[in-house]
Ligand SMILES: [Cu+2]
């Protein structure tokens with residue numbers, strides 16, 4: 001199957017494209033959420049910020065109140081403490097106010113939960129299967145695309161492919177290059193501005209299909225198919241990185257998720273090319289180089 005893709009890739013012509021692609025991956029020292037690429041993630045950002053403001057307000061209120069009490073009612077300033085044990089008004093207030101705060105939070109929260117959970121009329125389906133340890137992708141409603149396995153790139157492989165794609169100035173060259181432990185040899189390719197249903201399952205143990213910029217995280221459970229959806233907003237074409245988010249075993253770190261979002265026309269072209277990409281070509285070039293190097297090394301060893 002890989003071979004077929006490689007043959008197709010080598011026959012495909014390079015498309016020179018200015019690299020203004022959007023991309024999202026974890027950043028060094030980053031502490032905020034990744035930039036939203038889907039309506040769900042935009043709403044998640046909003047809810048996060050909204051709840052964050054409430055949390056900050058409550059924390060400040062409690063801190064100021066405690067500071068005031070410690071200062072005003074210290075043993076020095078208030079030698080004879082009050083013997084009051086109940087205050088009806090106060091007790092009603094500190095019951096009602098938190099209830100109101102929770103109600104204010106629950107309404108947008110439940111709305112978002114349903115927005116995430118209830119699948120809209122989707123335009124295409126992709127299937128992600130977790131294996132030990134890699135992701136397998138297939139397009140159940142498109143027989144022209146064969147299922148393929150996505151493996152992370154080794155350090156030197158990532159470096160080589162990054163240079164290769166940049167030198168050839170192809171669309172696959174992502175803004176971030178080929179980040180180690182995030183970049184894969186075969187990304188999942190999807191069209192932009194399309195409602196996509198994602199079927200998620202596992203062939204062995206628990207994994208989790210997670211893409212932070214899309215606001216999706218869904219467990220991959222053996223013998224069961226979970227579903228979620230995403231729609232990448234127009235203008236957000238680019239490469240996105242996520243990881244398996246369920247500790248699944250010794251090579252859990254070997255399960256990155258790379259999604260390349262392309263225009264609808266580019267997607268059609270990718271399908272027409274038998275799901276071949278220039279990255280396949282770069283991987284092949286790396287393997288060829290390595291094979292040559294290994295053969296060379298073998299000769300030296302034999303000579304010794
Ligand atoms: Cu996993």
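Computed from the coordinates by the stated procedures, all read-outs in this text should not be read as laboratory data. Since the model is a prediction, treat every value here as computed from it, not as a measurement.
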Quiz prompt | Antiparallel bridge percentage (DSSP; both residues within the chain; nearest 5) | solution = 65
Quiz item: Which of these, 152, 256, 98, has the largest mean-square fluctuation under a Gaussian network model of the chain (Cα springs below 10 Å)?
Solution: 98
Self-check item: Principal-axis tilt of helix 278-303 within the chain, Cα atoms, nearest 10 degrees
Solution: 60
Quiz item: Using a Gaussian network model of the chain with C-alpha springs under 10 Å, which one of 280, 219, 288 is most mobile by mean-square fluctuation?
Solution: 288
Quiz prompt | Helical mean residue ellipticity (222 nm; -39500 (n - 2.57) per DSSP H run of 4+; nearest 500) of the chain | solution = -14000 deg cm²/dmol
Quiz item: Where the centre of each part is set by its Cα atoms, how far does region 188-244 sit from region 37-96, in angstrom?
Solution: 39
Self-check item: Degrees, to the nearest 10: 39-72 long Cα axis against longest axis of the chain
Solution: 30
